[in-house]
1. So, of the residues in the range 242-268 that are in contact (Cβ under 8 Å) with a residue 40 or more places away in the chain and assigned to a strand (DSSP E or B), which turns out to be nearest to residue 322 (Cα to Cα)?
2. Could you please let me know if residue 168 is more than 30 Å from residue 273 (Cβ to Cβ), surrounded by 14 or more Cβ atoms within 10 Å (Cβ to Cβ) and either at pLDDT below 65 or touching a helix residue (DSSP H, G or I) at 6+ places or on another chain (Cβ under 8 Å) (or both)?
3. Take residue 284 and decide whether it is within 24 Å of residue 243 (Cβ to Cβ), surrounded by fewer than 17 Cβ atoms within 10 Å (Cβ to Cβ), at pLDDT 85 or above and acidic (Asp, Glu).
4. Under the condition of being in a loop (DSSP other than H, G, I, E, B) and modelled with pLDDT under 50, which residue from the range 291-316 is most open to solvent (accessible area, probe 1.4 Å)?
5. Specify the residue that is farthest from residue 274 (Cα to Cα); the eligible residues are those in the range 232-242 that are buried (at least 16 other Cβ atoms within 10 Å of the Cβ) and hydrophobic (A, V, I, L, M, F, W, C).
6. Go through (1) within 13 Å of residue 350 (Cβ to Cβ); (2) open to solvent by 40 Å² or more (accessible area, probe 1.4 Å); (3) modelled with pLDDT under 85; (4) outside any helix (DSSP H, G or I) for residue 322 and report which single condition fails.
7. Output the qualifying pairs, or none if there are none: Cβ atoms under 7 angstrom, residues six or more apart or on different chains, first residue in the range 43-61 and within 24 Å of residue 104 (Cβ to Cβ) and among the polar types (S, T, N, Q), second residue at pLDDT 75 or above and part of a helix (DSSP H, G or I).
8. Does any residue of the range 196-215 turn out to be among the hydrophobic types (A, V, I, L, M, F, W, C), under 30 Å from residue 354 (Cβ atoms) and in a strand (DSSP E or B)?
Amino acid sequence: MTANLSAAVAVGALLAGLGVAVFGVVRLRARRGIATASQRATYDVLHTAGLAVTDTGSVLAFDGAGEHHKDQLLAAAARAVGTGRATVLAGRDLPCDHLDCEIRGAVVVPLRRDGALAALSDGPPAPGLVQAARETGRWVAAQLSLAELEGSRARLARAEVRALRAQISPHFIYNALTAIASFVRTDPERARELILEFAEFTRYSFRAHGEFTTLAEELRSIDRYLTIERARFGERLQVRLQIAPEVLPVGLPFLCLQPLVENAVRHGLSRKPGVGTVSIIARDAGAECHLTVEDDGVGMDPAVLGNGAEEPSDAGQHVGLSNVDERLRSAFGDQFGLVVETAPGAGTKVSMRIPKFHPGVRAGRAA
């Protein structure tokens, strides 16, 4: 549970805040004579002399009086976790040499297999306090589980970004350097410009921090990518942009839009004879930003895309799409996944919706 230090501290703060709120409710309702037994029990456990969240080796969060009893609480926490049952401590179980100590008892309830919640009281623990402590313990355990889940999703998102970088970088780096090399003798100034664009592109793509970026930053990186690709394809690659200025500050998962553009060029247009066009559209839609990447390339079989299957020659083609889809859903909810419209010979259109404001989304700056 040591790995859950930040989660436990946060739960301790929540307990303190919840205690204040419950105190206000019970106090108000008591004046009206309608406070229930459940409300009073909740008040009792949240307004005991002290509250502590522990693991079997340390106190992770403490609020109120009685912190000098932490060693006794840790021993009781180990027993409670070992048996899976609440432990009630009387005054004789909590000896101390503090003359002004008000602690006369405690209830220690296991949270999960490695931690406990302790409610210290200034009198012998009553049955109502024991029951209320158990209920509060179940709530705290649920909060810790949610915190762990969020942490796991964040780690998964970081792993998916690393996988996406590994997928994109090898083929693009090779093609970019080949294109730059072709201009070294014939057009040294153009080669120099492309090297600078390539350097800025890789600097953004391999930045070390920030799970989120802004649409403006993502579009700047896409522009560098397309500048290098146009050096390869020449007039065969056409680009159409339609960007509403109002949505440029919108936060979105890092490397969310760029892989869609790379897929459009690499798998849609590079195989098409003659001229191909990739369109990038960002519209202001009230509380949301609507993004579309569309190409008029070779397209793909929707059944193959839906089944997640890939032909050997297309290895990696759909990985970027599934990666982006999963990260969008993880960040914003299942209703914000990708929408793909495609058919053989009909090009591909990939759309996404991004909420303009979403809890937990903080766009970082490129390193």
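The values are calculated or read from the model by the stated rules, or taken from the named source; none is laboratory data. Remember, predicted model here, so these are calculated numbers, not experimental data. Please note: Cβ atoms are built from the backbone with ideal geometry, for glycine as well, and neighbour counts cover all protein chains shown. Remember, those area values only see protein heavy atoms, side chains included, never the ligands or the DNA or RNA. Shrake-Rupley method; radii C 1.70, N 1.55, O 1.52, S 1.80 Å.
1. 253
2. In short, no.
3. yes
4. Looking at residues that are in a loop (DSSP other than H, G, I, E, B) and modelled with pLDDT under 50, I get 311.
5. Going through the qualifying residues, I end up with 239.
6. (4)
7. 54/73; 54/74; 54/77
8. yes
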